[in-house]
Amino acid sequence: MLLLKSFILGFSVSAPIGPIGLLCIQRVLLKGRSAGFLTGLGAATANIIYAGIAAFGFSAISFFLVEKQLYLKIIGSLFLLYLGIKTFLKKSTNKAADLDGSSLFRMYASTLLLMITNPVTILNFAGMFAGLGFEQNSSPVQTSTLLISGVFLGAISWWIILSFAVSILRTKITPYMEYVNKIAGLLIVILALLNFIHST
């Protein structure tokens with residue numbers, strides 16, 4: 001039951017379309033499902049890291065990251081701004097770009113870096129885990145493992161669904177990729193600026 005609850009939590013936390021969702025959609029349209037999935041996997045990896053810290057109670061690490069959240073948010077905002085401008089200026093193409101291993105890794109790493117700069121996620125997960133409650137007759141390690149596994153599986157499920165759903169519409173949207181890039185880039189820049197304003 002706890003696994004199912006944490007699965008729903010991981011799915012619902014990932015589902016709102018924010019900057020990561022926009023990146024995922026834009027990359028699926030430009031480079032295919034693999035790029036979109038790797039983008040989502042980077043986000044899910046960051047979630048599982050912070051969920052693990054929250055679930056296992058690494059208080060020293062949590063305190064340090066939350067204490068430095070201002071600097072991390074500024075770094076994240078600047079990186080998000082860079083991604084937004086890069087997306088806005090990207091030239092449209094009628095052919096999906098070929099992805100080699102390093103490109104796939106960049107899809108994953110860039111999203112992981114972006115997500116990891118928001119350590120307040122630890123507090124969010126800690127609060128949400130407390131709200132889920134704990135299974136009786138389960139050890140703390142078993143409970144934490146169930147929570148983290150559920151969050152990861154839920155998040156991955158959302159990114160798979162989003163990547164496949166967008167890829168189905170890819171052929172219809174591809175001719176308008178120049179407009180898609182500019183809209184997505186502009187929205188990401190706006191989100192970066194809002195994130196920066198709220199962090200200062």
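The values are calculated or read from the model by the stated rules, or taken from the named source; none is laboratory data. Quantities reported herein were computed from a predicted structural model and do not represent experimental measurements. With ideal geometry, Cβ positions are generated from the backbone for all residues, glycine too; neighbour counts draw on all protein chains shown.
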Considering every residue within region 6-20, establish whether at least one is buried (at least 24 other Cβ atoms within 10 Å of the Cβ), polar (S, T, N, Q) and closer than 17 Å to S144 by Cα. yes
Evaluate the following for L80: is it exposed (fewer than 15 other Cβ atoms within 10 Å of the Cβ) and at pLDDT 70 or above? no
Quick one: A126 ticks every box in (1) part of a helix (DSSP H, G or I); (2) of a type outside the set (F, W, Y); (3) modelled with pLDDT under 70 bar one, so which box is it? (3)
I need the full set of residues from region 28-43 which are closer than 20 Å to N118 by Cβ and buried (at least 24 other Cβ atoms within 10 Å of the Cβ), in order please. L38, T39, G40, G42, A43
Just to be sure before I move on: is I53 touching a Phe, Trp or Tyr at 6+ places or on another chain (Cβ under 6 Å), β-branched (V, I, T) and either modelled with pLDDT under 90 or surrounded by 24 or more Cβ atoms within 10 Å (Cβ to Cβ) (or both) in the structure I sent? no
Regarding K68, is this residue surrounded by 17 or more Cβ atoms within 10 Å (Cβ to Cβ) and either closer than 30 Å to T87 by Cα or at pLDDT 75 or above (or both)? no
